[in-house]
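Chemist: Sharing a structure here in structure tokens format.
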Amino acid sequence: SKLQIKSYIKKLALSLFSDDLKSDIKSHQYPIVIFCGDTATRFEYAKIFYTEFINYWDSLERHIRPSTKDSRLIYVILGNHEFWDFYSKDDCINSYKKFFKSLGLIFLNNDILTYDIHKYISSCSNIINNFMPSLTSPHKLLIIGGTGFAGYNSTFNADFNIYGGTINREQEIEECKN
């Protein structure tokens, strides 16, 4: 039933909170969490998962101060499974982008994040064209985030329905050029 599915997804989300993660959140240590895709094949299930994760995170933070979206360092990158529930790539990306923003999650879609004293997010093409030397300097954190489209893979690609029919082979190859 839907209630059982929601209960199971909630348990999965809460199981990610190790004692160390809970302690870091409670002691205001600003832990970094990165979700690297393939969380769910149905948008409805992804919404349950991330909402439960954030609700629990916020409940831990409330012990010290009111929770704020700006204090969270939670990044999300889509995998191929997230595309399965949509009719187009743009519909998928826009739906997740809006949803993640509502929760205060930082969505990386063909973006590069560097984190030293301040976090800086830029599109991959902007970094590669204008700031490539900045990638070679030391950073506390460097994340290159985007769906790993299989445009150069001749055996495992959109022809085998890895995006659930949302993206065809020609689109996949084009994504790899961007």
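The values are calculated or read from the model by the stated rules, or taken from the named source; none is laboratory data. Predicted model, so just to flag it, every value in this text is computed and none were measured. Cβ: placed from backbone, ideal geometry, glycine included. Neighbour counts: every protein chain shown. Please note that ligands, DNA and RNA were not included when accessible areas were found on the heavy atoms of the full protein model with its side chains. Shrake-Rupley method; radii C 1.70, N 1.55, O 1.52, S 1.80 Å.
Chemist: I need a count of the residues in the stretch 6-23 that are part of a helix (DSSP H, G or I) and open to solvent by less than 60 Å² (accessible area, probe 1.4 Å). Talk me through it step by step, then tell me what you get.
Modeler: At the first step, the residues of the stretch 6-23 found to be part of a helix (DSSP H, G or I) are 6-15, 19-23.
From what is left, the residues that are open to solvent by less than 60 Å² (accessible area, probe 1.4 Å) are 7, 9, 13-14, 21-22.
The qualifying residues number 6.
Chemist: Given the options ILE74, ILE127, ILE162, name the one that is more than 30 Å from LYS26 (Cβ to Cβ), buried (at least 16 other Cβ atoms within 10 Å of the Cβ), modelled with pLDDT of 75 or more and among the aliphatic types (A, V, I, L, M).
Modeler: On the way: ILE74 fails: more than 30 Å from LYS26 (Cβ to Cβ); ILE127 fails: modelled with pLDDT of 75 or more.
Step by step, each of ILE74, ILE127, ILE162 is checked, and only ILE162 is more than 30 Å from LYS26 (Cβ to Cβ), buried (at least 16 other Cβ atoms within 10 Å of the Cβ), modelled with pLDDT of 75 or more and among the aliphatic types (A, V, I, L, M).
Chemist: Let me ask something else. So how many residues does the stretch 24-53 have that are open to solvent by 90 Å² or more (accessible area, probe 1.4 Å), in contact with a helix residue (DSSP H, G or I) (Cβ under 6 Å, 6 or more places away or on another chain) and either under 14 Å from TYR75 (Cα atoms) or part of a helix (DSSP H, G or I) (or both)?
Modeler: First, the residues of the stretch 24-53 that are open to solvent by 90 Å² or more (accessible area, probe 1.4 Å): 26, 29-30, 36, 42.
Retained after the next criterion (residues that are in contact with a helix residue (DSSP H, G or I) (Cβ under 6 Å, 6 or more places away or on another chain)): 26, 42.
Going one step further and asking which of them are either under 14 Å from TYR75 (Cα atoms) or part of a helix (DSSP H, G or I) (or both), we end up with 26.
The qualifying residues number 1.
Chemist: If you check PRO66 against the conditions, is it open to solvent by 80 Å² or more (accessible area, probe 1.4 Å), in a helix (DSSP H, G or I) and modelled with pLDDT under 60? Write out each step before concluding.
Modeler: Details: open to solvent by 80 Å² or more (accessible area, probe 1.4 Å): yes; in a helix (DSSP H, G or I): no; modelled with pLDDT under 60: yes.
No.
Chemist: Would the stretch 105-116 turn up any residue that is at pLDDT 80 or above, among the aromatic types (Phe, Trp, Tyr) and closer than 28 Å to SER1 by Cβ?
Modeler: Within the stretch 105-116, none of the residues are at pLDDT 80 or above, among the aromatic types (Phe, Trp, Tyr) and closer than 28 Å to SER1 by Cβ.
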